[in-house]
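Read through the structure below, which is laid out as structure tokens, and then see the notes.
The values are calculated or read from the model by the stated rules, or taken from the named source; none is laboratory data. Note that this is a predicted model, so its numbers are computed, not measured. Glycine also receives a Cβ, built like all others from the backbone with ideal geometry; neighbour counts cover every protein chain displayed. Surface accessibility is based on the protein's heavy atoms, side chains included, excluding ligands, DNA and RNA. Shrake-Rupley method; radii C 1.70, N 1.55, O 1.52, S 1.80 Å.
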Amino acid sequence: MATVASLSQPVLDVVCGQSAACALSVHNTGKIVESYRFEVLGAPAAWALVEPQELSIYPGRDQAVQIVFSPPRLPTVPAGPVPYAVRVLPTEQPGTAVVVEGELHVEPFYETTAELIPRTSTGRRRGRHEVAVDNRGNVPIEVGLSGADPDGALTVTPDPERLVVPPGQAMFSKLKVRARKRRWRGGPVTHPFQAQAHRDGAEPHVMDGSLVQRPFFPKSTGRWLAAILALTALLIAAWMFLLKPAVESAATEAVADDLEALGEQAAAAEEDAEEAAAQGESAEALAEEVLEELQDTTLEPAPPAPVETATTVRLDVTANAGATATDSHEPAEKTMFALTDLILENPQGDTGVLEILIDGDVQYRLSLANFRDLDYHFVTPIEVPEGEEITLRVVCDTPGPRLPGASSDACRPAAVLNGLTVTLPEDEE
């Protein structure tokens with residue numbers, strides 16, 4: 001054998017996002033000057049560099065090269081032992097090539113994010129949210145979830161309370177929010193709360209949210225009652241101040257005009273008084289009938305309100321390099337989708353163009369190279385009625401490092417749509 005090679009550190013500790021190096025010593029045991037090339041084998045080959053890449057050694061001499069490992073800070077670089085090898089290739093005598101084996105020990109790193117989706121819900125007593133936990137580290141993590149209300153007006157319950165999230169993936173937990181007391185009337189009231197995602201040995205992620213509690217009875221109920229009471233008071237006042245004084249005045253004038261003729265004129269006045277009394281009784285009966293009708297009158301029911309349901313829709317595309325792929329969501333018949341939160345994901349670090357379209361019109365156009373995760377929150381929801389579509393369209397330029405479990409190299413961005421599905425009542429169709 002004309003070539004002998006050895007590593008100065010067969011086992012080397014490396015940290016993702018940093019560089020570490022070891023020396024490879026090569027000894028030429030032959031009788032001629034030999035030139036050598038070097039090739040790193042195994043998973044670390046994608047982020048390894050040999051300096052210098054070629055080397056000439058005189059007979060009986062030895063020299064060394066540096067092998068620099070720079071693992072990226074990505075979930076695709078798993079923590080733990082990673083074997084590799086270096087092939088030493090002689091130019092003059094290729095049959096004497098040798099392979100030296102080594103092992104890298106990749107240190108674990110943690111990078112966790114958490115998001116409350118949506119941040120605000122609306123209901124008479126209950127609200128529904130989700131907590132998305134994204135593990136961007138290179139080891140699985142276990143995250144505990146909890147909720148709290150500083151004012152004591154809500155109960156906040158996560159389901160499940162613990163999530164185990166693999167590297168490079170996101171997991172979701174439902175967050176149920178319930179008001180302790182009902183609101184029968186008045187305007188909507190906003191109750192703030194907090195959700196927490198905590199991992200052992202790390203600061204918890206605190207997420208602010210709110211429940212907008214609507215009353216059971218609309219504001220118009222009070223106006224209807226006030227109108228009925230005002231009409232009743234008006235009818236009573238009309239009788240007391242208009243009809244009854246008029247009757248009494250007519251009887252008095254008839255008697256005063258005929259005082260001199262006590263005989264027949266007195267009788268006529270008496271008849272007039274009786275007739276006036278009869279009219280008064282008729283007026284009283286009429287007023288009583290009006291009051292009874294008003295008392296028996298029932299309020300017309302308030303118009304039916306739209307039914308709102310918290311909804312999460314995920315759009316995924318897989319596009320090969322140079323290709324275009326789409327995924328769409330269309331609201332069901334007699335519904336409308338109100339978009340409140342838009343989360344864009346590019347876990348592989350693909351390059352290309354991502355577009356969000358509503359009914360064929362481009363709303364957002366982004367370069368995939370500019371983000372891994374992007375979150376939009378809309379104070380005024382974007383409404384997508386039935387018959388229209390919200391579409392994710394991706395034009396793939398260059399796919400990033402393949403996700404674990406993926407069968408081919410392709411761009412794999414995604415979009416998470418959070419909002420409310422509004423079911424319209426029959427009279428609004």
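Annotation: the antiparallel percentage among DSSP beta bridges lying fully within the chain is about 95. For the chain, a Gaussian network of Cα nodes joined below 10 Å ranks ALA227, ALA43, ALA170 by mean-square fluctuation, and the top entry is ALA227.
Sorting 203-210, 192-199 by their mean Cβ neighbour count within 10 Å, with the most densely packed peptide first, gives 192-199, 203-210.
Once the 1.4 Å probe is applied to the protein heavy atoms, the chain comes out at 56 Å² accessible per residue.
Compared with the dominant Cα axis of the chain, that is its longest principal axis, helix 220-238 is turned about 10°. With all protein chains in place and ligands, DNA and RNA left out, the 1.4 Å accessible area ranks ILE382, ILE358 as ILE382, ILE358, largest first. Fully extending the segment from GLU54 to ILE32, taken as 0.36 nm per residue of separation minus the present Cα-Cα distance, adds 6.3 nm.
Applying 1/(1 + (r/R0)^6) with r as the Cβ-Cβ distance of LYS174 and LEU229 and R0 = 41 angstrom yields a FRET efficiency of 0.30. When nucleic acids and ligands are ignored and a 1.4 Å probe is applied, SER173 ends up with an accessible area of around 0 Å².
Absence of a disulfide-compatible partner, taken as no other cysteine beta carbon within less than 4.7 angstrom, is noted in the chain for CYS16, CYS22. Here the chain exposes an accessible surface that is 53 percent carbon and sulfur, computed with a 1.4 Å probe and the other protein chains kept in place. Which angle between 0 and 90 degrees, to the nearest 10, do you get for helix 264-296 versus the longest principal axis of the chain when only C-alpha atoms count? That helix lies at roughly 10 degrees to the long axis. Sorting the segments 44-53, 392-401 by their mean number of nearby beta carbons within 10 angstrom, highest to lowest, gives 392-401, 44-53. Pairs of Lys residues in the chain that lie 8 or more places apart, or on two chains, and have C-alpha atoms under 29 angstrom apart add up to 5. You can think of it this way: the chain between LEU374 and ASP359 has 3.2 nm of extra reach, that is 0.36 nm per residue less the Cα-Cα gap. Placing R0 at 51 angstrom, the Cβ-Cβ distance between GLU275 and LEU424 gives a FRET efficiency of 0.25 after rounding to 0.05.
Evaluating 6.51 cos²θ - 1.76 cosθ + 1.60 at θ = phi - 60° for every residue in region 412-425, the Karplus couplings come out as 9, x, 8, 9, 10, 9, 10, x, 10, 8, 9, 8, 6, x Hz, glycine and proline recorded as x. Dividing the convex hull volume of the alpha-carbon atoms in the chain by its residue count gives 183 Å³ per residue. Here region 159-216 and region 49-88 have alpha carbon centers that stand 49 Å from each other.
Only protein heavy atoms count here; under a 1.4 Å probe, LYS174 has an accessible surface of about 120 Å². What is the calculated FRET efficiency for ARG87 to ASP13, with r their C-beta to C-beta distance and R₀ = 22 Å, to the nearest 0.05? Taking R0 as 22 Å, the efficiency between ARG87 and ASP13 is 0.40.
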